[in-house]
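Working notes for the structure below.
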Amino acid sequence: MRIFVINPGSTSTKIAVYEDEKPVWMTGAHHPVGELAQFHHISEQYEYRKDFILKRLDEAGITREFDAVIGRGGLLHPLAGGVYAVNEKMKNDLIHAEREHACNLGALIAAEIADECGCPAYIADPVVVDEMIPEARYTGFPGIDRKSIFHALNQKAVARKYAASVGRKYEEMRLIVAHIGGGISVGAHEYGRVIDVNNALDGEGPFSPERAGTVPSGQLVDICFSGKYTQKQIKQMISGKGGLAALLGETDMITIDRQAEDGEQPYKEVLGAMLYTIAKQIGAMYVAMNGKVDAILLTGGIAHSDYCMNILRQRIDYLAPIAISPGENEMGSLAYNALGVLRGELPLMEYE
């Protein structure tokens with residue numbers, strides 16, 4: 001099976017061709033800030049991103065003959081996890097999405113290229129996957145409900161691959177999956193559904209290289225009304241310029257990791273504090289599943305760090321067996337999901 005994968009990020013576009021599970025061609029680029037600055041809205045980048053993709057295919061001599069095209073899922077309405085066919089309802093919702101992000105373009109571009117090839121277009125496990133149980137949605141503040149926005153694509157792909165590696169099905173297992181990267185999300189996967197997870201996009205849960213995590217509400221309210229910051233500045237402090245970016249002035253994990261391992265302060269203490277909040281979130285998900293957990297899976301870019309993983313292991317290894325799957329591997333995860341549908345191993349869902 002020949003699968004074309006499209007993954008638009010905030011400032012980059014990655015594309016790849018897979019033959020079954022094997023990547024046979026992969027490329028991408030960070031788009032110059034000056035070029036993106038000409039667009040006032042993400043939707044205006046459609047032709048720019050599509051032309052970039054088609055040009056790269058032509059330059060590499062890749063024939064546009066695919067069995068499926070799969071794009072990164074966008075900010076749709078909350079939905080169950082799975083692989084979805086791109087339909088007119090989905091395209092309309094992405095064009096008129098309340099929140100703008102480049103991932104909204106993934107399905108739209110995939111659909112146009114798939115139409116040209118005469119093959120299906122899919123998305124899989126977008127960040128808005130919502131399978132939370134009712135109890136997990138409540139807060140003590142009427143009008144504010146907890147939302148499920150997390151690294152669903154990587155979390156579910158890692159969970160499925162782990163289940164297969166131990167000769168079981170994802171839908172038969174109880175797993176905690178922690179995606180540890182620029183944003184951090186920790187999900188409680190119970191028999192194929194993520195029954196609870198922190199809202200990684202809005203800064204809930206552990207603090208991360210770029211996000212503030214859960215902060216004391218009263219103090220946050222005081223800052224909001226202090227007159228020192230605009231709404232935009234506060235939102236940036238919560239997500240984008242919070243976490244290690246605010247505490248250490250940088251987010252380069254290779255540098256931070258090395259300095260922390262050498263015992264340099266404040267790097268060692270601050271990084272240790274971040275890992276402490278991750279461990280606490282894993283503990284919360286352990287309670288969410290009544291302490292019945294088959295394994296804890298650690299993934300994301302920071303999972304490459306032996307230093308960080310060793311510290312985290314010491315805090316959680318008594319809870320359940322631990323498996324580490326470094327990196328986010330969004331491209332491979334998308335291809336994996338498309339291949340699963342083409343082989344009849346995963347159901348194809350209809351967006352409504």
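The values are calculated or read from the model by the stated rules, or taken from the named source; none is laboratory data. All values reported here derive from a predicted model rather than from experimental measurement. Ideal geometry is used to build each Cβ from the backbone, glycine not excepted, and the neighbour counts take in all protein chains shown. These area figures cover heavy atoms from the full protein model, side chains too; ligands, DNA and RNA do not enter into them. Shrake-Rupley method; radii C 1.70, N 1.55, O 1.52, S 1.80 Å.
Okay, here's what the table says:
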{"read-out": "DSSP-loop chymotrypsin sites (Phe, Trp or Tyr not before Pro) across region 115-212, with at most 15 other Cβ within 10 angstrom", "value": "138, 191"}
{"read-out": "Net lengthening on full extension, residue 64/residue 269 (0.36 nm per residue, minus Cα-Cα)", "value": "68.7 nm"}
{"read-out": "Top positive-direction residue, dipole computed over the chain with Cβ charges, set 267, 77, 25", "value": "267"}
{"read-out": "Contour minus Cα-Cα distance for residue 41 and residue 169 (0.36 nm per residue)", "value": "41.9 nm"}
{"read-out": "Residue 219-residue 352 FRET efficiency (beta carbon distance; Förster radius 35 Å; 0.05 resolution)", "value": "0.25"}
{"read-out": "Fraction of accessible area attributable to carbon and sulfur, the chain (%, probe 1.4 Å)", "value": "51 percent"}
{"read-out": "Sum of -39500 (n - 2.57) over DSSP H runs of 4+, divided by residues of the chain (222 nm, nearest 500)", "value": "-11500 deg cm²/dmol"}
{"read-out": "Within region 293-332: backbone nitrogen closer than 20 Å to the residue 252 label point (7 Å, Cα to C-beta)", "value": "301-308"}
{"read-out": "At most 13 other Cβ within 10 Å, DSSP loop - GluC sites (Glu not before Pro), region 235-313", "value": "250, 264"}
{"read-out": "Estimated FRET transfer efficiency (residue 262, residue 87; beta-carbon r; R0 56 Å; 0.05)", "value": "0.55"}
{"read-out": "Sorted peptide list for 8-21, 32-45, criterion being average Cβ within 10 angstrom, highest first", "value": "8-21, 32-45"}
{"read-out": "Rounded to whole Å, sorted largest first: equivalent-ellipsoid semi-axes of region 80-154, Cα gyration tensor", "value": "29, 13, 9"}
{"read-out": "Percent antiparallel among DSSP beta bridges (both partners in the chain, rounded to 5)", "value": "60 percent"}
{"read-out": "Cα shape, region 1-81, gyration tensor, a/c 1.5 rule", "value": "oblate"}
{"read-out": "Pairs beyond 27 Å (Cα-Cα), from 89/156; 22/241; 147/292; 147/232; 156/292; 22/161", "value": "22/241"}
{"read-out": "Accessible surface, the chain, averaged per residue in Å² (probe 1.4 Å)", "value": "48 Å²"}
{"read-out": "Distance (nanometres) between label positions extended 7 Å along Cα→Cβ at residue 29 and residue 99", "value": "3.0 nm"}
{"read-out": "Gyration tensor (Cα) of the chain, equivalent ellipsoid semi-axes in angstrom", "value": "32, 25, 21"}
